[in-house]
Structures are given as C-alpha cells and as structure tokens.
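A short reminder: the numbers here are calculations on the coordinates, not readings from a lab. All of these numbers come straight from a predicted model, not from anything done at the bench. Here the Cβ positions follow ideal geometry from the backbone for every residue, glycine too, while neighbour counts run over all protein chains shown.
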Amino acid sequence: SGYHKVLEENRKLYNQVQDLKGNIRVYCRVRPFLGAQPSHPSVVSSVEGGSLSIMIPPNSKLGKEGKKTFNFNKAFGSSSTQAEVFSDTQPLIRSVLDGYNVCIFAYGQTGSGKTYTMSGPDHLDDDTIGVNYRALGDLFFLSDQRKDTISYEISVQMLEIYNEQVRDLLAPEGSTKRLEIRNSSHNGINVPDAHLVPVSTTSDVITLMNLGHKNRAVGSTAMNDRSSRSHSCLTVHIQGKNLISGSTIRGSMHLVDLAGSERADKTEATGDRLKEAQHINKSLSALGDVIASLAQKNAHVPYRNSKLTQLLQDALGGQAKTLMFVHISPEPDALGETLSTLKFAERVSTVELGAARMNK
Ligand code: ADP
C-alpha cells in the first residue's frame, strides 16, 4: 500500500544517511557466562538488531529499577559466534584494499571479551579465531583474486602503548625502547623505528602475532596483567599497484585491543598501579573525546591529548572508517562497569544522533 511504500522509502533514506555518515560504527557484544551453571541471570534482558536492554534490579545504587535500553549499529548476544561477528565487519575490512583507512577497536572492562573478539581464546581453531586473523586472511584472499589487475603488498606492524610510551612488539629480540610517533607530509603519521614486516599467508601472521604476544610480556610479572593495562595495536599497511594504469593505492587498518576500561578509583590502586590506571583513563577518555567530536562533526578534534589518538590520527576522521566493538559481561557483579561502558559507547555512537534527525 501507499503507506508502506512511504515507510519503505523513509527507511531507505534513513539507511543511506546512516551509511553516509557511517564513519563511526558501534557494535556491542555480550560475553557468555564462563564455566559452570551461573547462579544469577544475565544483566542483559534482551538483544535485538541494534538494541540491547539491561535490567537494573530493585534498590540498586546504579539507577532506577527496570529495563534500560541502549542502541547501537548492531548488538551481538552472548551466543554470537566469531564468524557472525566477522561477517558484519567484512565490508569495512575489504575497503582497505580500495585505499581506505580503517580503525577497529575493542573496548570494555578487563575480562569482558576484547581479546576473544580480536584474537580468539588461548587455543585457536577455525571456529574460534578472531577478527585479526580473519581480516588478514580475507585481505590475502581478495588480493589474490585481483592479482591480474592489481599487485598488492601487505605488511604489518605491532605496537604497544603502555604508560604513554610506544613500544615495538615485533622487535625479533624483544625491545623496551621507547619509540617516537612522527608526522611527515608524505608518509602521514608513522613510527619509523618500528619493524614493518611483509606478510602473505595466515601462517606468517600467526608467527608474528605469537612474537608480539611474547614481547608484550617482557618487563611484566604476569602476562594477563600487562595486557589488560596496555593498548596493543596491529597495523596493516597495504600498497596496491594497478598493473594496467600504473597508479598506486594505499590503505591501512589498525586493529586495537584497548586496555581494560575499569575505573582506577574503584580498585584503590596506589603507586605504579595508580600511575598505570591514570594513563589508561587519560588515553581512553582522549579516545572518547576524539570519536565524540568526530561524531558531532566538530571543527577541532583533540588528537594530541594522548599517544593513542596521535598514533591513530590518520585513521580517525576524514575519509577513514571507524568501528568500535564494545564488550560487556553478563554478571550482576559487573553491572556498574557495564553501565559505564554502555554510557561511553552511547557517547561515541552516532546512532542516536541519526535517529533524532530522522524524527525532525
Ligand atoms: P579481555 O580481553 O576483555 O580482558 P578476554 O577476551 O580475555 O577478555 O575474555 C575473558 C575470558 O572469557 C577468556 O577466558 C575468554 O576466552 C572468554 N571469552 C570471552 N568472550 C567469549 C565468547 N564470546 N565466547 C566464549 N568465551 C569467551
């Protein structure tokens, strides 16, 4: 009927607007309960399309009792698979070969599933490998398909930002050297002293990721501790030479596993732990400020407030495409952190802005 046609048209228009300003996408993923039968129900009461609802219990200090709904570009429930998560990410990843800069973040408190989404569990298999491996595998596959017209070179860097210092995770012997981020007119943002390693197969990538993993543990007592208090960034550089026209395409992709977002003041940290926590809070709020200011199309974007946002400057804003995977835990104990994670996500998301415009 006419009415449905109008609705359909509106919907199309809305989707186009979403795509146009779709420089920032936010996906939310709920971790399943781990281990034995949980003794409490999940704090997540429903997940549908891009909506996710949280149930706030009676007499909670965290908010009014009842259902609170958050909207994202996409929400993944606790039974979502790695393949499902990847398939919604694939178009973004593929655009790197067309010369786009792409940035994918994993955000959330420690233990919420960031590393699971990006890399996978400790023991990887074809079903459980994460976005990083799938993304590289897909780039290899697609570049091979195009090899008669475009010759691609793919190389990777792996960096860690810990206490506002940048370190090379691909130094063969390990390195604690602190690296400079440069901004040159012809290369853009770059870290000239970090290893840039050509890769052409998934097994090359696995070897490098293992090296990076090993190097990340250097100088820390417990690996898990360190990885939850530093940001790690796998950067993929691609250069394609068109064999017919002779022109060159350059694209890049940053895959970032962020430090845990839990607030320092809650952990009553002191000394080194407090310093680490303050650095993390500072860089995550700098990231939030940059993305929020891009989402609001502000003229000034505060990239210079942290090493993280400086490093990623070329891949945030402009023609670049950003995806934030926000992770939450199902446990009632984590509800406070979960709500602050969702608030952060809402702040960097353009979904609500889009909906508000649509209603005008
Ligand atoms: P984070 O990186 O946020 O600290 P992890 O990715 O290490 O969290 O996840 C914490 C634990 O939960 C790990 O044992 C991980 O394998 C498991 N886990 C996380 N997400 C999932 C998931 N979607 N399915 C199954 N297990 C998961």
message: Checking the conditions here, which among Glu164, Glu160 is out of contact with any Pro (no Cβ under 8 Å at 6 or more places or on another chain) and within 15 Å of the ligand (Cβ to nearest atom)?
response: Glu160
message: I'm trying to understand the selection: among the residues of the stretch 153-188, which are exposed (fewer than 15 other Cβ atoms within 10 Å of the Cβ), assigned to a strand (DSSP E or B) and among the polar types (S, T, N, Q)?
response: Gln165, Asn183, Ser184
Answer from Asp289, Asp333, Asp272 - the residue that is over 25 Å from Ile154 (Cβ atoms), within 16 Å of the ligand (Cβ to nearest atom) and part of a helix (DSSP H, G or I): Asp333
message: Looking at the stretch 29-42, can you tell me whether even one residue there is within 16 Å of the ligand (Cβ to nearest atom), among the hydrophobic types (A, V, I, L, M, F, W, C), exposed (fewer than 11 other Cβ atoms within 10 Å of the Cβ) and more than 14 Å from Ala334 (Cβ to Cβ)?
response: yes
message: Can you tell me which residue is surrounded by the fewest Cβ atoms within 10 Å (Cβ to Cβ) among those in the stretch 88-117 that are on the phi < 0 side of the Ramachandran plot and near the ligand (Cβ under 8 Å from one of its atoms)?
response: Thr110
Residues of the stretch 119-143 satisfying the condition of being part of a helix (DSSP H, G or I), within 15 Å of the ligand (Cβ to nearest atom) and within 17 Å of Ser203 (Cβ to Cβ): Asn132, Tyr133, Arg134
query: Across the stretch 69-87, which residue is surrounded by the most Cβ atoms within 10 Å (Cβ to Cβ) among those that are touching a residue at least 40 places away in the same chain (Cβ under 8 Å), away from the ligand (no atom under 16 Å from the Cβ) and over 18 Å from Gln109 (Cβ atoms)?
result: Asn73
message: Pairs needed: first member in the stretch 134-148, touching a residue at least 40 places away in the same chain (Cβ under 8 Å); second member anywhere, in a helix (DSSP H, G or I) and among the aliphatic types (A, V, I, L, M); C-beta distance under 6 Å; at least 6 residues apart or different chains.
response: Ala135/Ile93; Leu136/Val205; Asp138/Ile93; Leu142/Leu97
